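Student: To start, I am sharing the structure in question, which I have written as structure tokens.
The values are calculated or read from the model by the stated rules, or taken from the named source; none is laboratory data. Quick caveat: nothing in here was measured; it's all calculated off a predicted structure. Every residue, glycine as well, gets a Cβ built from its backbone with ideal geometry; the counts of neighbours run over all protein chains shown. Protein only, heavy atoms only, side chains kept; ligands, DNA and RNA dropped before computing areas. Shrake-Rupley method; radii C 1.70, N 1.55, O 1.52, S 1.80 Å.
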Amino acid sequence: MAKEQIQVLNALDVAKTQWYHFTAIVIAGMGFFTDAYDLFCISLVTKLLGRIYYHVDGAAKPGTLPPNVSAAVNGVAFCGTLSGQLFFGWLGDKLGRKKVYGMTLMMMVICSIGSGLSFGHSPKSVMATLCFFRFWLGFGIGGDYPLSATIMSEYSNKKTRGAFIAAVFAMQGFGILGGGIFAIIISAAFKAKFDAPPYEVDPVGSTVPQADYIWRIIVMVGALPAALTYYWRMKMPETARYTALVAKNTEQAAKDMSKVLQVEIQAEPKGDQAQANTFALFSKEFMRRHGLHLLGTASTWFLLDIAFYSQNLFQKDIFSAIGWIPPAKTMNALEEVYRIARAQTLIALCSTVPGYWFTVALIDRIGRFAIQLMGFFFMTVFMFALAIPYDHWTHKENRIGFVVIYSLTFFFANFGPNATTFVVPAEIFPARFRSTCHGISSAAGKLGAIVGAFGFLYLAQNKDKSKADAGYPAGIGVKNSLLLLGVVNILGFFCTFLVPEAKGKSLEEMSGENEEEGENGTKEESEPHSYSTRTVPYV
């Protein structure tokens, strides 16, 4: 039969939106601002790194990173993120959310600075040092995913929980935007001070020595927002749900939340504290209750990130292919950074940021399931709209149309599965597994990002090897790559049906933690709707 909900948790569920909710969004969200800035700023400077460290005398085009180096620089942070999501997700359930939260932030600050201080006597040693720091930067970023989502879900009331978790994730949009704007400012300032001829006029002189400072400054600035919020993260109390349901200390949970909510909350007498379910992670009972849910959250995030990150990391290549960024040889190094940053900023401003905030505004009205399904559907439509008439889009007069449709795929990724895949795993699993299961789901996503980042790098190469980038084998071309990404989105659409709808329900209802276990270890229900695998909400 259903358990009485612990009083402090009920107080959180029905609490009105208060100042502490917004404080928690900013404190958790600044971690995501830094995450997005650090992960995506590298795509702004990879062409510059090629010009500085891999210049070839007499070559018709500026130097580019060799395929293995480019894959390592772009992908190593994702490998670190995947590892961090699994490790810190597990640790957050073992030690508590608060204890682990500060570790991830300090790791991000130290490794952002270390990335910018990557020095060496040869290009190889500089790239190796950069990759080392970016792996550990990713490891810290990885921990922020399950911890921020779990903390925000456990602090929120059930009426606006989706919007609060989505708002934390939406800070990613500002991180991408901030990275682009900062790169525009710094490259424009250096360009004004250290002007240089285009590569085709003076191959060596087109990359001024001071260009080496630009990429270092860009990657190091990512440490600032994380460092500024460290103090406030350490001041946040442990979440009441962890304290009451996992640490089994309802008295402390009531005390902590009384301060936060600024109301008096009585702790249950010790005899009244219900025993939590005892099944283990990946036990038969866990798989019966949550196995399909975990498959759903992991598979949708995996498929989404293949499409999302392959577009995002390599949008500079797509813009070059359609002529939105001029040929590299017609620009100097600083001009190229400026043009790439401007293109990325425009996409972020027009589609990425608005998409996130549409989700925040509507997620608790129309539900996670509807937004995710709609997002995958429109991403598929727009991906095919780009791919099928691809030759049409390469003509100069049609380039604006290409950019508009390309922006719409980003809009519906963010007003769609990119936000909901982050929200849902923080709502549907029991408190003692919540951080771990979110870590597993997000790690599946990063595995998709690695597939997208590494796979697209090779797949999008021209079918004619002579026209492919230096050092790359012939690929299937941008058109076929976009078709393939469309198919990935279709798979994501169907996997969404494995994910339950959490709109308007408490975390304990969704996880089944307010259900008693019978003598044989199975749950006994008193209310038919209190625990369900349904994807659509009950009317």
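Student: Just the residues that are open to solvent by less than 20 Å² (accessible area, probe 1.4 Å) and farther than 22 Å from GLY486 by Cβ, please, taken from the range 360-387.
Tutor: Once the filter is applied, which keeps residues that are open to solvent by less than 20 Å² (accessible area, probe 1.4 Å) and farther than 22 Å from GLY486 by Cβ, the range 360-387 yields ILE363, GLY367, ARG368.
Student: So ASN157 ticks every box in (1) open to solvent by 30 Å² or more (accessible area, probe 1.4 Å); (2) closer than 27 Å to PHE415 by Cα; (3) of a type outside the set (Gly, Ala, Ser); (4) part of a loop (DSSP other than H, G, I, E, B) but one. Which box is left unticked?
Tutor: Going through (1) open to solvent by 30 Å² or more (accessible area, probe 1.4 Å); (2) closer than 27 Å to PHE415 by Cα; (3) of a type outside the set (Gly, Ala, Ser); (4) part of a loop (DSSP other than H, G, I, E, B) one by one, ASN157 breaks only (1).
Student: I'm checking my understanding of the structure. Among residues of the range 206-218 that are free of Cβ contacts under 8 Å to residues at least 24 places away in the same chain and of a type outside the set (Phe, Trp, Tyr), which one is nearest to GLY179 (Cα to Cα)?
Tutor: That would be GLN210.
Student: Would you call PHE169 in a helix (DSSP H, G or I), out of contact with any helix residue (DSSP H, G or I) (no Cβ under 6 Å at 6 or more places or on another chain), surrounded by 18 or more Cβ atoms within 10 Å (Cβ to Cβ) and not β-branched (Val, Ile, Thr)?
Tutor: No.
Student: Looking at GLY475, is it out of contact with any strand residue (DSSP E or B) (no Cβ under 8 Å at 6 or more places or on another chain), of a type in the set (Gly, Ala, Ser), under 27 Å from VAL381 (Cα atoms) and surrounded by fewer than 22 Cβ atoms within 10 Å (Cβ to Cβ)?
Tutor: yes
Rundown of residues vs (1) surrounded by 19 or more Cβ atoms within 10 Å (Cβ to Cβ); (2) modelled with pLDDT under 90; (3) on the phi > 0 side of the Ramachandran plot, yes/no style:
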| position | (1), (2), (3) |
| --- | --- |
| LYS3 | no, yes, no |
| ILE6 | yes, yes, no |
| LYS16 | no, yes, no |
| SER43 | yes, yes, no |
| LYS47 | yes, yes, no |
| ILE52 | yes, no, no |
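Student: For residues that are among the small types (Gly, Ala, Ser) and in a helix (DSSP H, G or I), scanning just the range 191-225, find the one that is farthest from VAL26 (Cα to Cα).
Tutor: Looking at residues that are among the small types (Gly, Ala, Ser) and in a helix (DSSP H, G or I), I get ALA192.
Student: Additional query: Is it the case that the range 388-397 has a residue that's closer than 30 Å to PHE279 by Cβ, surrounded by fewer than 24 Cβ atoms within 10 Å (Cβ to Cβ) and among the basic types (Lys, Arg)?
Tutor: no
Student: Condition check: assigned to a helix (DSSP H, G or I), out of contact with any helix residue (DSSP H, G or I) (no Cβ under 6 Å at 6 or more places or on another chain) and not β-branched (Val, Ile, Thr). Does LEU362 satisfy that?
Tutor: It is true that LEU362 is assigned to a helix (DSSP H, G or I), out of contact with any helix residue (DSSP H, G or I) (no Cβ under 6 Å at 6 or more places or on another chain) and not β-branched (Val, Ile, Thr).
Student: If you take the residues in the range 284-297 that are touching a helix residue (DSSP H, G or I) at 6+ places or on another chain (Cβ under 8 Å) and open to solvent by 20 Å² or more (accessible area, probe 1.4 Å), which one is nearest to PHE40 (Cα to Cα)?
Tutor: LEU295
Student: Is it the case that GLY455 is over 30 Å from GLY477 (Cβ atoms) and either open to solvent by 10 Å² or more (accessible area, probe 1.4 Å) or in a helix (DSSP H, G or I) (or both)?
Tutor: no
Student: Checking the condition free of Cβ contacts under 8 Å to residues at least 12 places away in the same chain and either open to solvent by 20 Å² or more (accessible area, probe 1.4 Å) or in contact with a helix residue (DSSP H, G or I) (Cβ under 8 Å, 6 or more places away or on another chain) (or both), which residue from ASP202, ASP256 passes?
Tutor: After applying the criteria, what remains is ASP202.
Student: Same structure, new question: Looking only at the range 377-391, which residues are in a helix (DSSP H, G or I) and either under 21 Å from PHE497 (Cα atoms) or touching a Leu at 6+ places or on another chain (Cβ under 9 Å) (or both)?
Tutor: PHE377, PHE378, MET379, THR380, VAL381, PHE382, MET383, PHE384, ALA385, LEU386, ALA387, TYR390
Student: Being under 30 Å from ALA254 (Cα atoms) and hydroxyl-bearing (Ser, Thr, Tyr) is the filter here, so list the residues in the range 204-242 that pass it.
Tutor: THR229, TYR230, TYR231, THR239, TYR242
Student: Kindly indicate the residue of the range 18-41 that is among the polar types (S, T, N, Q) and surrounded by fewer than 24 Cβ atoms within 10 Å (Cβ to Cβ) and also modelled with the highest pLDDT among those meeting that condition.
Tutor: THR23
Student: Still on this structure, please answer the following. Is at least one residue of the range 225-248 surrounded by fewer than 21 Cβ atoms within 10 Å (Cβ to Cβ), more than 28 Å from the chain's Cα centre (by Cα) and of a type outside the set (A, V, I, L, M, F, W, C)?
Tutor: Yes: one or more hits.
Student: Has the range 67-89 got at least one residue that is at pLDDT 90 or above, among the aromatic types (Phe, Trp, Tyr) and within 16 Å of the chain's Cα centre (by Cα)?
Tutor: yes
Student: While we're looking at this one, here's another question. Pairs please, first residue from the range 370-383 and in contact (Cβ under 8 Å) with a residue 40 or more places away in the chain and closer than 9 Å to ILE490 by Cα, second anywhere and assigned to a helix (DSSP H, G or I) and open to solvent by 40 Å² or more (accessible area, probe 1.4 Å), Cβ atoms under 7 Å, 6+ apart in sequence or on different chains.
Tutor: Matching pairs, first to second residue: PHE376/PHE493; PHE377/PHE493; THR380/ILE490; THR380/PHE493.
Student: May I pose another question? Could you tell me whether GLY120 is open to solvent by less than 70 Å² (accessible area, probe 1.4 Å) and in a helix (DSSP H, G or I)?
Tutor: No.
Student: When you check ALA188 against the structure, is it in a helix (DSSP H, G or I), open to solvent by less than 10 Å² (accessible area, probe 1.4 Å) and more than 30 Å from VAL14 (Cα to Cα), yes or no?
Tutor: no
Student: Condition check: closer than 17 Å to MET236 by Cα and either under 22 Å from the mean Cα position of the chain (by Cα) or surrounded by fewer than 19 Cβ atoms within 10 Å (Cβ to Cβ) (or both). Does ALA163 satisfy that?
Tutor: Here the answer is no, as ALA163 does not meet what is asked.
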